[in-house]
Amino acid sequence: MTDISITQGGQHASAHREVKPHKWALSPWARVLRRLARRWTVHSHVRKFCRPFTVEGREILASIENPVLIVANHTSHFDTVILLSLLPASIYDRTAVVAAADRMYRERIKGMWHSLRYNAFPITRGGGREALAYSQWLLHNGWSLLIFPEGKRSRTGELLPFHGGPAILATQQNVPVLPIYIEGAGRILPPGTNRSHPAPVVARVGSLLTFPEGTAISDAKHAMEEAVRALACTATDQKQAAAS
């Protein structure tokens with residue numbers, strides 16, 4: 001869902017009209033609706049298209065608390081559903097999904113549907129620190145965030161360099177970071193296609209990252225990228241071992 005590039009300087013801001021977050025998506029009625037519909041909007045899609053679906057590090061998920069910044073690699077719009085399916089109910093109930101305003105919110109009704117269905121909210125690509133204001137407000141008020149630090153989907157499956165926005169959020173709001181690596185989602189719904197196909201998927205959950213006060217944004221960004229990259233390398237090592 002989220003093709004979002006957050007830079008520290010705010011260069012290359014989107015030419016699309018500014019779209020404000022739908023704060024009603026945080027209301028009790030919207031949360032109850034998402035909670036009741038999760039079986040059909042999230043879990044049924046994962047069961048249908050992630051065949052088989054393997055989760056490594058599930059025990060880590062049982063110990064996380066709100067707020068937490070969930071970061072993952074990005075190869076498909078299906079990544080969002082996979083990640084939301086992993087979250088414990090208490091985390092899912094208070095998680096918001098960062099979505100690109102110029103892609104997911106180009107049409108008003110579709111944008112509202114994304115907000116209702118996944119508690120997504122729009123953010124301007126390259127919008128700099130101002131684009132982070134709502135994200136900061138959410139974290140400050142105990143909401144967790146799901147974000148893809150690469151800023152766009154990788155068409156090759158290789159991990160792209162992380163942008164600085166998530167590191168700014170983690171360090172300035174003093175929240176832990178949960179790294180996750182997804183393998184196989186790109187085969188379900190590759191970039192440039194609109195039709196999903198079943199494929200094997202592995203979700204690998206890493207240990208929580210915490211950053212002491214005063215941690216440089218560049219250091220936090222590097223640590224987050226390396227944590228996800230390490231999970232990807234684990235997948236490569238396992239493949240090589242199986243082939244030998």
(1) within 25 Å of THR156 (Cβ to Cβ); (2) modelled with pLDDT of 95 or more; (3) open to solvent by 60 Å² or more (accessible area, probe 1.4 Å): which one isn't true of LYS48, the others all being true?
(1)
Mind checking which residues of the range 104-126 are modelled with pLDDT under 90 and assigned to a loop (DSSP other than H, G, I, E, B)?
TYR105, ARG106, GLU107, THR124, ARG125, GLY126
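Would you tally the residues in the range 182-199 being open to solvent by 30 Å² or more (accessible area, probe 1.4 Å), touching a helix residue (DSSP H, G or I) at 6+ places or on another chain (Cβ under 8 Å) and not in a loop (DSSP other than H, G, I, E, B)? Walk me through how you get there before you give the answer.
Step one: list which residues in the range 182-199 are open to solvent by 30 Å² or more (accessible area, probe 1.4 Å), which gives 183, 187, 190, 192-198.
Those still in the list that are touching a helix residue (DSSP H, G or I) at 6+ places or on another chain (Cβ under 8 Å) too: 183, 196-198.
With the extra rule that they be not in a loop (DSSP other than H, G, I, E, B), the set shrinks to 183.
Qualifying residue count for the region: 1.
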Report, by residue number, each residue of the range 83-101 that is over 22 Å from GLY165 (Cα atoms) and of a type in the set (A, V, I, L, M).
LEU86, LEU87, ALA89
Members of the range 183-215 found to be without any contact (Cβ under 8 Å) to a residue 40 or more places away in the chain and of a type in the set (Gly, Ala, Ser), listed by number
GLY192, GLY214
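Okay, residues lined up against (1) more than 16 Å from the chain's Cα centre (by Cα); (2) within 25 Å of GLU65 (Cβ to Cβ):
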| position | (1), (2) |
| --- | --- |
| ALA100 | no, no |
| ARG108 | yes, no |
| GLN136 | no, yes |
| ILE147 | no, yes |
| PRO179 | no, yes |
| ARG195 | yes, no |
| VAL201 | yes, no |
Inspect all residues belonging to the range 136-146 and state whether any of them is open to solvent by 10 Å² or more (accessible area, probe 1.4 Å), under 14 Å from PRO166 (Cβ atoms), at pLDDT 80 or above and assigned to a helix (DSSP H, G or I).
yes
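Is it fair to say LEU61 is open to solvent by less than 10 Å² (accessible area, probe 1.4 Å), more than 22 Å from ARG153 (Cα to Cα), in contact (Cβ under 8 Å) with a residue 24 or more places away in the chain and among the aliphatic types (A, V, I, L, M)? Spell out the reasoning first.
Working: open to solvent by less than 10 Å² (accessible area, probe 1.4 Å): yes; more than 22 Å from ARG153 (Cα to Cα): yes; in contact (Cβ under 8 Å) with a residue 24 or more places away in the chain: yes; among the aliphatic types (A, V, I, L, M): yes.
In short, yes.
Does LEU36 qualify as being open to solvent by less than 20 Å² (accessible area, probe 1.4 Å) and not aromatic (Phe, Trp, Tyr)?
Details: open to solvent by less than 20 Å² (accessible area, probe 1.4 Å): no; not aromatic (Phe, Trp, Tyr): yes.
So LEU36 fails the test.
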Report, ordered by the first and then the second residue, all pairs with beta carbons closer than 6 Å, sequence separation of six or more or different chains, a first member in the range 163-179 that is of a type in the set (Ser, Thr, Tyr), and a second member that is surrounded by fewer than 23 Cβ atoms within 10 Å (Cβ to Cβ) and not in a helix (DSSP H, G or I).
THR171/PHE211; THR171/THR215
If VAL46 satisfies all but one of (1) part of a strand (DSSP E or B); (2) under 17 Å from the mean Cα position of the chain (by Cα); (3) hydrophobic (A, V, I, L, M, F, W, C), what's the number of the condition it fails?
(1)
How many residues, within the range 71-85, are more than 21 Å from ARG155 (Cβ to Cβ) and surrounded by fewer than 24 Cβ atoms within 10 Å (Cβ to Cβ)?
1
Looking at (1) of a type outside the set (A, V, I, L, M, F, W, C); (2) at pLDDT below 95; (3) within 22 Å of SER154 (Cα to Cα); (4) open to solvent by 10 Å² or more (accessible area, probe 1.4 Å), which one does THR2 not meet, given that it meets all the others?
(4)
Residue list for the range 91-103, filter: in contact with an Asp or Glu (Cβ under 8 Å, 6 or more places away or on another chain) and open to solvent by 20 Å² or more (accessible area, probe 1.4 Å):
ARG103
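The values are calculated or read from the model by the stated rules, or taken from the named source; none is laboratory data. Here the structure is a predicted model, which means the values were calculated and not measured. Backbone-built Cβ (ideal geometry, glycine too); neighbour counts: all protein chains shown. The protein model used for the area step is the full one, side chains on, heavy atoms only, and it has no ligands, DNA or RNA in it. Shrake-Rupley method; radii C 1.70, N 1.55, O 1.52, S 1.80 Å.
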